[in-house]
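This report concerns only the one structure given below.
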Amino acid sequence: MIEYIKLDTNSVVPKYIQIIDSIIHNITIGNVKIGDKIPSINKLSEEFFLSRDTVERAYSVLKKRKLVVSVHGKGTYISQNQIISKLNVLFLVNKLSPFKMEVYNSFAKEMGDGCHVDLHSYHCDETLFLELMEKYESSYDYYVIMPHFRLKDLSHISVTEKVKKAINKIPKEDLILLDNKNHKIEGNFIEVYQDYENDIIAALNKGAESISKYDKLTIVYPNTSFYPYPKNILSGFEKYCTQNNFKYEIIKEITNETKLENKNLFITIEESDLVSIVNRIKESKYNLGAEIGVISYNDTPLKQLLGITVLSTNFNAMGQQAAKMIINNKIEKVKVPFKLIERDSI
């Protein structure tokens, strides 16, 4: 069979995918049949000057697709001729927000036509997540997960013990964790994350000149929500204010009773609070960006149009980076860029 396997050394397609595609092609055209033995890992790696890891990875995918089966002490054999040619990825997001969809879309685009990506939202719900994990156990080549969960009191937790146990059942070479690194999942797997606490500190420090004209910083942090926010945002905000000697306040939402003071800078997370604070400022005697400042989390075209300063992660880079590591067979832990984009609102 080894004579049928063709690899292109000049191709950008990873070698393990070329091995998979070549074997599938030969099954399709009838060169190999059910029961035929495929080359051993050692033989194939020697023939094409490949690492054993590359060949093992290819064979692992073929086994998951149930196209081959290993018989102890004898070798690996073709087990069926029903072909599922694409890589299959389960993409689990905690909510279907525009930002999470940007991650998904950039991931799917980078993976290309040779990959089928199933998108599911578990809505920060532990029970729903566990049901999805049980339903799709061993059904996909890769599992991409954004770990954000809601406790009974509607506060945020990165993972529960049950969630951690379910994720640890996934082979680490098939696991990709995105967005949140505070999960305490150990092992060698792909990870592309935000560092909520240090990101907000670093970003606000870069805007120090503009922010220094304010006497007080107020963050609008909803500590209970159907889709709760990481607590590290809050701890990062408090550390920044303490390190820079700012008076600060933490409030749950913007209401009609929210007091506006000269030289107060508001940081909002939810869109509804951004709209409320901007409307309150317009109705007041104060000027937005001069006497009262506003910074919002995560950039949108509308915020660009309205001149709202933002703290924003590069969600497109998050999905793209994860896909590139799968394609290039690289297992790394990478932090995505996070920055303050200054506009007229501060």
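Taking residues in the range 17-31 that are in the same structural domain as Glu56 (by the TED database), and partners anywhere that are open to solvent by 10 Å² or more (accessible area, probe 1.4 Å) and among the small types (Gly, Ala, Ser), the pairs with Cβ atoms closer than 9 Å and at least 6 places apart or on different chains are Ile17/Gly114; Gln18/Ser11; Ile20/Ser85; Asp21/Ser85; Asp21/Gly114; Ile24/Ser85; His25/Ser85; Thr28/Ser85.
Being more than 16 Å from Thr76 (Cβ to Cβ), open to solvent by 40 Å² or more (accessible area, probe 1.4 Å), of a type in the set (Lys, Arg) and in contact with a Leu (Cβ under 9 Å, 6 or more places away or on another chain): is that true of Lys15 here? The answer is yes for Lys15.
Residue count for the range 26-51, restricted to those that are in a helix (DSSP H, G or I) and more than 18 Å from Thr9 (Cβ to Cβ): 6.
The residue that is farthest from Leu217 (Cα to Cα), counting only those in the range 232-274 that are of a type in the set (Asp, Glu) and touching a strand residue (DSSP E or B) at 6+ places or on another chain (Cβ under 6 Å), is Asp273.
Within the range 43-55, is even one residue open to solvent by 70 Å² or more (accessible area, probe 1.4 Å), within 21 Å of Glu173 (Cα to Cα), modelled with pLDDT of 90 or more and in contact with a helix residue (DSSP H, G or I) (Cβ under 6 Å, 6 or more places away or on another chain)? Yes, the range 43-55 has at least one match.
Go through the range 62-103 and report how many residues are modelled with pLDDT of 85 or more, under 27 Å from the mean Cα position of the chain (by Cα), hydrophobic (A, V, I, L, M, F, W, C) and open to solvent by less than 50 Å² (accessible area, probe 1.4 Å). Residues that pass the stated criteria total 8.
Number of residues in the range 132-190 that are surrounded by fewer than 20 Cβ atoms within 10 Å (Cβ to Cβ), closer than 17 Å to Tyr227 by Cβ and in contact with a helix residue (DSSP H, G or I) (Cβ under 6 Å, 6 or more places away or on another chain): the value is 1.
Only one of the listed residues (Ile326, Ile292, Ile277, Ile269) is outside the structural domain of Ser212 (by the TED database) and aliphatic (A, V, I, L, M). That residue is Ile326. Here is the figure for the range 234-268: residues that are more than 18 Å from Ile281 (Cα to Cα), open to solvent by less than 30 Å² (accessible area, probe 1.4 Å) and free of Cβ contacts under 8 Å to residues at least 40 places away in the same chain total 2. Inside the range 203-220, residues that are in contact (Cβ under 8 Å) with a residue 40 or more places away in the chain and either open to solvent by less than 50 Å² (accessible area, probe 1.4 Å) or within 14 Å of Ser296 (Cβ to Cβ) (or both) make up a count of 11.
The values are calculated or read from the model by the stated rules, or taken from the named source; none is laboratory data. Everything numeric here is computed off the predicted structure, so don't read it as measured data. Cβ atoms come from the backbone with ideal geometry, glycine included; neighbour counts cover every protein chain shown. The protein model used for the area step is the full one, side chains on, heavy atoms only, and it has no ligands, DNA or RNA in it. Shrake-Rupley method; radii C 1.70, N 1.55, O 1.52, S 1.80 Å.
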